[in-house]
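Only one structure is covered here, and it is reproduced in the block below.
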Amino acid sequence: MRQRVRWRFDPAAAGWALGLFVLLVLLATIGAGLGWIRSFVGDVLAVVWVHCLLASVVWLRPPARPLIALSVGLAVEAAQYISQQIGWQVASPVLRIVLGSTPDWLDVVAYLIGFGLACVVERRSVVNPAR
């Protein structure tokens, strides 16, 4: 029986995670005036970033990592919806930027696109695993 989870460090995935993090920070700060590019593309990249974070420290059977990354995005969106319904608001402006504060179905579409990209990355890493 094959092992389902294996802890390890993948420097290539960590490098991609760091690069995507920098890009996400730039989108959140300098890209504040870019409208849909900031929000939609940022949400797509956020799912791929979570996937790369996971890939840098753990091996899981495909498609577990992309599914976990998608689940994180959907959980954030669900939390936004619930908090809006009960009238809660995140006090920290930084967390409002990072997590968002308004639920939107287009965010879910962006997460699904990010999931698709993460699946492509996952498939490539299975074909060419890091050693």
Determine, yes or no, whether GLY31 is buried (at least 16 other Cβ atoms within 10 Å of the Cβ) and more than 15 Å from ALA13 (Cα to Cα).
yes
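Taking the stretch 1-20, which residues are surrounded by 15 or more Cβ atoms within 10 Å (Cβ to Cβ) and in a helix (DSSP H, G or I)? Spell out how you get there, then give the answer.
Here is the first cut: in the stretch 1-20, the ones surrounded by 15 or more Cβ atoms within 10 Å (Cβ to Cβ) are 10, 13-14, 16-17, 20.
Hits for the stretch 1-20 are ALA13, ALA14, TRP16, ALA17, LEU20.
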Checking ARG38 against (1) under 19 Å from VAL121 (Cβ atoms); (2) touching a Gly at 6+ places or on another chain (Cβ under 6 Å), which single condition isn't satisfied?
(1)
Return the pair list, or none, for Cβ contacts closer than 6 Å from residues in the stretch 59-72 that are in contact (Cβ under 8 Å) with a residue 60 or more places away in the chain to residues that are part of a helix (DSSP H, G or I), at least 6 apart or on different chains.
PRO62/GLU122; PRO62/VAL126
Over the stretch 34-71, the set of residues of a type in the set (A, V, I, L, M) and either out of contact with any Phe, Trp or Tyr (no Cβ under 9 Å at 6 or more places or on another chain) or at pLDDT below 90 (or both) is LEU34, ILE37, VAL41, LEU45, VAL50, LEU54, LEU60, ALA64, ILE68
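Among the residues of the stretch 34-52, which ones are aliphatic (A, V, I, L, M) and assigned to a loop (DSSP other than H, G, I, E, B)?
Within the stretch 34-52, the first condition is being aliphatic (A, V, I, L, M), and the residues that meet it are 34, 37, 41, 44-48, 50.
Within the stretch 34-52, LEU34 is the sole residue that qualifies.
In this structure, does VAL126 turn out to be among the aliphatic types (A, V, I, L, M), within 30 Å of ARG8 (Cβ to Cβ), out of contact with any Cys (no Cβ under 7 Å at 6 or more places or on another chain) and modelled with pLDDT under 95? Show your work before the answer.
Working: among the aliphatic types (A, V, I, L, M): yes; within 30 Å of ARG8 (Cβ to Cβ): yes; out of contact with any Cys (no Cβ under 7 Å at 6 or more places or on another chain): yes; modelled with pLDDT under 95: yes.
Yes: the conditions hold for VAL126.
The values are calculated or read from the model by the stated rules, or taken from the named source; none is laboratory data. Predicted model, so just to flag it, every value in this text is computed and none were measured. Positions of Cβ are backbone-derived with ideal geometry, glycine not excepted, and every protein chain shown enters the neighbour counts.
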